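Visitor: Please read through the structure below; I'll follow up with questions.
The values are calculated or read from the model by the stated rules, or taken from the named source; none is laboratory data. These figures come from a predicted structure and were not determined experimentally. Note: ideal-geometry Cβ built from the backbone for every residue, glycine included; neighbour counts use all protein chains shown. SASA here: full protein model, heavy atoms, side chains in, ligands and nucleic acids out. Shrake-Rupley method; radii C 1.70, N 1.55, O 1.52, S 1.80 Å.
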Amino acid sequence: MEKKIRVLIAKPGLDGHDRGAKVIARALRDAGMEVIYTGLRQTPEMIATAALQEDVDFVGLSILSGAHTTIVPRVCQLLRQEGLDDVPVLVGGIIPDADIAALKQQGVAAVFQPGASMENIVRFIRENAARKVTRDE
Amino acid sequence: MAERDEVLEQPPARETEAPGGQRQRDAEFTTVSGRPIKRLYTPDDLPGFDYGRDLGEPGQWPFTRGIHATMYRGKLWTMRQFSGFATPEESNRRYRYLLSQGQTGLSVAFDLPTLMGYDADHPLAEGEVGKCGVAISSLADMEALFEGIPVDRVTTSMTINSPAAVLWAMYLAVAEKQGVDWQKISGTTQNDILKEYIAQKEYIFPPRPSMRLVIDTFEFGARFVPRWNVISISGYHIREAGATAVQELAFTLRDGIEYVEWGVRRGLDVDEFGPRLSLFFNAHNDFFEEIAKYRAARKIWARVMRDRFGARNPRAWLCRFHAQTAGVSLTAQQPYNNVVRTAIQALAAVLGGTQSLHTNSLDEAWALPTEEAVTIALRTQQILAYESGVASTVDPLGGSYLLERLTLDMEQGAVEYCDKIDAMGGMIAAIEKGYPQKEIAESSYQFQRAVEEKRKIIVGVNEFITGQEPIPVLAIDERVGEAQAGKLKRLRETRNQRRVSDTLRALERGARGDDNLMPLILDCVRVYATLGEICDTLRGVFGAYEEVSVL
């Protein structure tokens, strides 16, 4: 049987607006993935530890507060330190166009801005999971 | 009941054939909340409808048509734009600008560290200082925020919840410093902790000690700050989190019931504190459904206050409310369309009889608004007030078959939810079970699915998509955090440390007992104890709340 794709969905920072994170978590689950939702107010350290312990294939961060410029680079750095270079990081939320290039430079695989569809996010994860399998073999 | 049968007889949503075999669009005729809407409403939709019982004159029981006889002919709604960003000095400049442009009340937005009771130099505040609102860590910051703004000449609303008692104390201390009598100041602290557990999730302490703090402010306000609205019982955030209109209405009113119950249990007189309670609703896209929601709210609240709590003071029966257009409805795509959405939503709030209104700015799906964007938002309200003619008459849609039907349905739906929560043992028990949280999560997921499947169209997002030029957005200087941390460092070096420790110790002792904590918190803020120090003291006694996440 094919192994289920495992995704960590995390809400870093102080922001409590979790509507998006929850909707995405449910959409990924409905798409047949294994979703681990961290809950609110996770520090970058907690997120990296959870990614390692849960052996996830993807990390999704939901940030609406504008703190992404500080938080996301830190998460990417810690994931690398944990040896999780091959775990793509997805960022969703209120991310201005001007910040996308810098986030990608830090190692973010994709940024989903307001209005992004669940379908596109699911497709992105599936395609990249398939690519990862091919590469691993 | 006649109403109930009517709801069940609603037609299927995808009606494609009207009487006489005429075709209709193959669209889903439902509200944004998923409520089916019929082709036509007639007197048959209002069996047994009674003008006196169901509507009444405005200003009279059951207040369906409005809480005042004259409504906007007497006084226009207060145009109150919620704002705050970066440092207190920068926000102060924005407030003075808005007042100079004809805004009639202030509304303070605080940043996330402040909302969570952390000082600007706390490690968890890194990257968050001044981003979503203004950073206030001590009385010194509050003084700077109101520099040159006489607090007896404006009314100030503060969107602060878990640490509301502390920020209110700072505001009261500013009034003292300006030499203004507390009897003369007016404004609102949001102070609605229940909706934080339900929706917005900016809580610090567990529900029960949090409720104690809220009731402490009720008691203190009634004695010393009689014109202050001690709470704004908020459906806004519940709706933003994904609730339907009826869920927003129901959970808000049931939260309100919970506060009144706690107040009465404290020994407060419902006739005295009842008139200081105010409510806060969302103004979403679905025009008629929203108007019906406000009308139903007035009706239910009046009945709750009079019949459930025995209030005899008619002012305690009035559902006075603030409305804000729906942030969640703003699109990042084609942002200028948001001006139109906001105008329609604002019109619904006005036709629903709001007492004050915030209109969102077109750029808020991207960032906090620029000055230009917020000016258009304010102008939108002024156009409604002065050009559209809707302020000339009270409840102009009263008597519409559709609107009256929707108002009755809203009322019935909300009452059913309230009964269910009563049966669970009240709102705190329901929150601990995750009940409202689950209901909201389900609604938001269903809505997102409807958007993905294009059963619901969002212009510019899933239909009528075009490329777009980026719009100018407000960027918050990353150095705000450093600046605020620097101020705190200097404050800690220059204040009387001994007095700070003494007042914090007294607060800790008070928190362990059951005295009203407001006087003790005031003592702390007057000697420049910081927000973080005060909240840490309370965390030490009350503990910190962590929710069990429900998906």
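Visitor: Quick check on the range B:259-330: what are the equivalent-ellipsoid semi-axes from the Cα gyration tensor, as sqrt(5λ), descending, whole Å? Before the final figure, lay out each step's value.
Guide: Numbers: eigenvalues 153, 33, 15 Å².
After scaling each eigenvalue by five and taking roots: 28, 13, 9 Å.
Visitor: On to the next question. Taking 0.36 nm per intervening residue step and subtracting the Cα-Cα distance, what contour gain separates B:R93 from B:R315 on full extension?
Guide: Details: separation 222, 0.36 × 222 = 79.92 nm, distance 3.64 nm.
Once the chain is fully extended between B:R93 and B:R315, it gains 76.3 nm.
Visitor: Subtract the Cα-Cα distance of B:T42 and B:E272 from 0.36 nm times their separation in residues, and report this length gain in nm to one decimal. Display every interim value, and only then the final one.
Guide: Details: separation 230, 0.36 × 230 = 82.80 nm, distance 4.26 nm.
Length gained, B:T42 through B:E272: 78.5 nm.
Visitor: While we're on this one: For the charge dipole of the range B:444-551, defined by +1 on Lys and Arg C-beta atoms and -1 on Asp and Glu C-beta atoms about the Cα centroid, which residue among B:T503, B:G540, B:Q468 has the Cα displaced farthest towards the positive pole?
Guide: B:T503
Visitor: Still on this structure, please answer the following. On average, how many beta carbons from a partner chain sit within 10 Å of the beta carbon of a residue in A:18-25? Present the calculation step by step, with values, prior to reporting the outcome.
Guide: Values: counts 10, 11, 3, 2, 10, 9, 2, 4.
Partner Cβ neighbours, averaged per residue: 6.
Visitor: Which log10 I(q)/I(0) values, to two decimals, does the range B:67-116 give at q = 0.20, 0.27 Å⁻¹ under the Debye formula with one point per Cα?
Guide: With one equal scatterer per Cα and no solvent, log10 I(q)/I(0) is -0.72, -0.99.
Visitor: Right, something else. In vacuo Debye scattering of the range B:473-551, one point per C-alpha: log10 I(q)/I(0) at q = 0.15, 0.19 Å⁻¹?
Guide: Each listed q corresponds, in turn, to -0.68, -0.85.
Visitor: Same structure, new question: Rounded, prolate or oblate: which fits the range B:374-457, taking a ≥ b ≥ c as square roots of the Cα gyration tensor eigenvalues, rounded meaning a/c under 1.5, else prolate when a/b beats b/c? Mind dumping the intermediate values first?
Guide: Numbers: a/c = 2.04, a/b = 1.59, b/c = 1.28.
In terms of gyration-tensor shape, prolate.
Visitor: Kindly give Rg over Rh for the protein assembly as shown, based on alpha-carbon atoms, with the Kirkwood expression for the hydrodynamic radius. Don't skip to the end; give the middle numbers.
Guide: Details: Rg = 25.1 Å, Rh = 26.1 Å.
My calculation puts Rg/Rh at 0.96.
Visitor: Can you give the average number of partner chain beta-carbon atoms within 10 Å of each beta-carbon in peptide B:155-167, as a whole number? Could you put the intermediate results ahead of the total?
Guide: Numbers: counts 0, 0, 0, 0, 0, 0, 0, 0, 0, 0, 0, 0, 0.
Mean partner-chain Cβ count within 10 Å for B:155-167: 0.
Visitor: What's the percent breakdown of Cα-Cα distances in the range B:152-295 across 10 Å bins, shortest bin first?
Guide: 12, 41, 33, 13, 1
Visitor: Separate question: What order, most packed first, do the peptides A:40-47, B:99-106, B:207-214 have when packing is the mean number of other Cβ atoms within 10 Å of each residue? Before the final figure, lay out the partial values.
Guide: Working: A:40-47: 18.4, B:99-106: 16.6, B:207-214: 19.9.
Sorting A:40-47, B:99-106, B:207-214 by mean packing, highest first, produces B:207-214, A:40-47, B:99-106.
Visitor: Return the sequence-ordered ³J(HN,Hα) values of the range B:36-46 in whole Hz as given by the Karplus equation 6.51 cos²θ - 1.76 cosθ + 1.60 applied to θ = phi - 60°, using x for Gly and Pro.
Guide: Calculated HN-Hα couplings, in order: x, 10, 7, 4, 8, 10, 9, x, 5, 7, 10 Hz.
Visitor: Tell me the mean residue ellipticity at 222 nm calculated for chain B from its helices only (DSSP H runs of n ≥ 4, each -39500 (n - 2.57), averaged over every residue, nearest 500).
Guide: Working: 19 runs with 242 residues, N = 551.
Calculated at 222 nm, the ellipticity per residue is -14000 deg cm²/dmol.
Visitor: Step by step: find N for chain B, compute 2.2 N^0.38 Å, then divide the Cα radius of gyration by it. What's the final number?
Guide: Working: Rg = 23.4 Å, N = 551, 2.2 N^0.38 = 24.2 Å.
Cα Rg divided by the expected 2.2 N^0.38 Å: 0.97.
Visitor: Among the lysines, which fall within straight-line cross-link reach of B:K195, defined as a Cα-Cα distance under 25 Å, with same-chain neighbours fewer than 8 residues apart omitted?
Guide: Straight-distance partners of B:K195: A:K11, A:K22, B:K131, B:K293, B:K299, B:K420, B:K433, B:K438.
Visitor: Follow-up. Say the dipole of chain A comes from +1 at the beta carbon of Lys and Arg and -1 at that of Asp and Glu; which of A:F124, A:V75, A:M46 then lies farthest toward its positive end?
Guide: The listed residue farthest towards the positive side: A:F124.
Visitor: Let me ask you something else. Which whole-Hz couplings ³J(HN,Hα) result when phi for each residue of the range B:204-215 is put into the Karplus expression 6.51 cos²θ - 1.76 cosθ + 1.60, θ = phi - 60°, listed in order with x for Gly and Pro?
Guide: Once θ is set to phi - 60°, the couplings for the range B:204-215 become 10, 9, x, x, 5, x, 5, 5, 4, 4, 4, 5 Hz.
Visitor: With every protein chain left in place, what is the accessible area per residue of the range A:4-60 in square angstrom, probe 1.4 Å?
Guide: Numbers: 1900 Å² over 57 residues.
For the range A:4-60, the solvent-accessible area averages 33 Å² per residue.
Visitor: Shape of the range B:482-526 from its Cα gyration tensor (a ≥ b ≥ c, root eigenvalues): rounded if a/c is under 1.5, otherwise prolate when a/b > b/c, or oblate? Don't skip to the answer; put the middle values down first.
Guide: On the way: a/c = 3.17, a/b = 2.34, b/c = 1.36.
Prolate is the answer for the range B:482-526, as a/c is 1.5 or above and a/b outweighs b/c.
Visitor: For chain B, what's the relative contact order in percent, using C-alpha pairs closer than 8 Å and at least 6 residues apart? Please list the in-between numbers first.
Guide: Numbers: 994 pairs, mean separation 101.6, N = 551.
Reported relative contact order: 18 percent.
Visitor: A further question on this structure: Would you work out the charge dipole size for chain A about its Cα centre, treating the Cβ of every Lys and Arg as +1 and the Cβ of every Asp and Glu as -1, and quote it to the nearest 20 debye? It would help to have the intermediate numbers written out before the result.
Guide: Values: 17 positive and 18 negative charges, 50 e Å.
Using Cβ point charges on Lys, Arg, Asp and Glu, chain A gives about 240 debye.
Visitor: Quick check on the range A:6-136: what does the Kirkwood estimate of hydrodynamic radius come out to from the alpha carbon pairs, in Å?
Guide: On the way: mean 1/r = 0.0692 Å⁻¹.
It works out to 14.4 Å.
Visitor: Next question, about the same structure. Pick out, from A:I63, A:P88, B:A165, the residue whose Cα sits farthest towards the positive end of the charge dipole of the protein assembly as shown, with +1 on the Cβ of Lys and Arg and -1 on the Cβ of Asp and Glu.
Guide: B:A165
Visitor: Moving on to the next point. For the range A:6-136, calculate the relative contact order in percent as a whole number, restricting contacts to Cα pairs under 8 Å that are 6 or more residues apart.
Guide: Numbers: 198 pairs, mean separation 32.4, N = 131.
Reported relative contact order: 25 percent.
Visitor: According to a simple spin-label model (label point 7 Å from Cα along Cα-to-Cβ), what is the distance in nm between B:I383 and B:D419?
Guide: For the pair B:D419/B:I383, the computed spacing is 4.5 nm.
Visitor: Sticking with the crude label model, points 7 Å out along Cα→Cβ, report the distance from B:R73 to B:A506 in nm, one decimal please.
Guide: Distance between label points: 5.4 nm.
Visitor: While we're here: Stokes-Einstein diffusion coefficient for the range B:287-398 at 20 °C in a medium of 1.002 mPa s, Rh from the Kirkwood formula over Cα pairs: what value in µm²/s? Don't skip to the answer; put the middle values down first.
Guide: Details: Rh = 15.3 Å.
The estimated diffusion coefficient comes to 140 µm²/s.
Visitor: Between the alpha-carbon centers of the range B:108-184 and the range B:473-548, tell me the distance in whole angstrom.
Guide: 12 Å
Visitor: Just to be sure I understand: if you take the accessible area of chain B alone plus chain A alone and subtract the pair, with a 1.4 Å probe, what total do you get in Å², rounded to 100? Display every interim value, and only then the final one.
Guide: Working: alone 22570 and 7660 Å², together 27250 Å².
For chain B against chain A, roughly 3000 Å² becomes buried.
Visitor: Quick one: if the Förster radius is 35 Å, what FRET efficiency do A:D97 and B:T104 give, using the C-beta to C-beta distance and rounding to 0.05? Each step should come with its number before you reach the end.
Guide: Numbers: r = 36 Å, r/R0 = 1.02.
Efficiency computed from Cβ-Cβ geometry: 0.50.
Visitor: Hey, what angle do you get for helix B:435-452 against the long axis of chain B, alpha-carbon based, 0 to 90 degrees rounded to 10?
Guide: Orientation of helix B:435-452: about 60 degrees from the principal axis.
Visitor: Need the full-extension length gain, B:D477 to B:I465, defined as separation in residues times 0.36 nm minus the C-alpha distance. One decimal, nm.
Guide: Working: separation 12, 0.36 × 12 = 4.32 nm, distance 3.26 nm.
Taking 0.36 nm per residue and subtracting the Cα distance, the gain is 1.1 nm.
Visitor: A further question follows. Provide the FRET efficiency to the nearest 0.05 for the B:D515-A:K4 pair, computing r from the beta carbons and using R0 = 60 Å. Mind showing how you got there, number by number?
Guide: Details: r = 55 Å, r/R0 = 0.92.
For B:D515 and A:K4, the calculated efficiency is 0.60.
Visitor: While we're here: Tell me the angle of helix B:480-494 to the major Cα principal axis of chain B, expressed in degrees between 0 and 90 and rounded to the nearest ten.
Guide: Approximately 40 degrees, to the nearest 10.
Visitor: So for the range B:127-190, averaging the separation of alpha carbon pairs under 8 Å that are six or more residues apart and normalising by length, what relative contact order in percent results?
Guide: Working: 52 pairs, mean separation 26.4, N = 64.
Relative contact order of the range B:127-190: 41 percent.
Visitor: Near the amide H of B:A109, under 5 Å away, which other amide H atoms are found, from residues 5 or more places off or on another chain, if H is placed in the peptide plane?
Guide: Hits under the 5 Å cutoff: B:S83, B:G84, B:V134.
Visitor: Continuing with the same structure: If you place +1 on the Cβ of every Lys and Arg, -1 on the Cβ of every Asp and Glu, and leave all else neutral, what size is the dipole of the protein assembly as shown about its Cα centre, to the nearest 20 Debye? It would help to have the intermediate numbers written out before the result.
Guide: Details: 80 positive and 93 negative charges, 216 e Å.
The calculation lands at about 1040 debye.
Visitor: Hey, another quick one. So what are the ³J(HN,Hα) numbers for the range B:343-354, from phi and the Karplus equation (6.51, -1.76, 1.60; θ = phi - 60°), rounded to whole Hz, Gly and Pro as x?
Guide: 5, 5, 5, 5, 4, 4, 4, 5, 5, x, x, 5
Visitor: Starting from a Cα-only point model with no solvent, please compute log10 I(q)/I(0) by Debye for the range A:1-65 at q = 0.22, 0.30 1/Å.
Guide: After summing over all Cα pairs, the log10 values are -0.86, -1.33.
Visitor: For helix B:164-177, report the angle its Cα long axis makes with the longest principal axis of the Cα atoms of chain B; keep it between 0 and 90° and round to the nearest 10°.
Guide: Helix B:164-177 sits roughly 60 degrees off the main axis of chain B.
Visitor: Could you let me know the centre-to-centre spacing of the range B:256-306 and the range B:194-227, using Cα atoms, in angstrom?
Guide: Taking the Cα centre of the range B:194-227 as reference, the centre of the range B:256-306 is 16 Å away.
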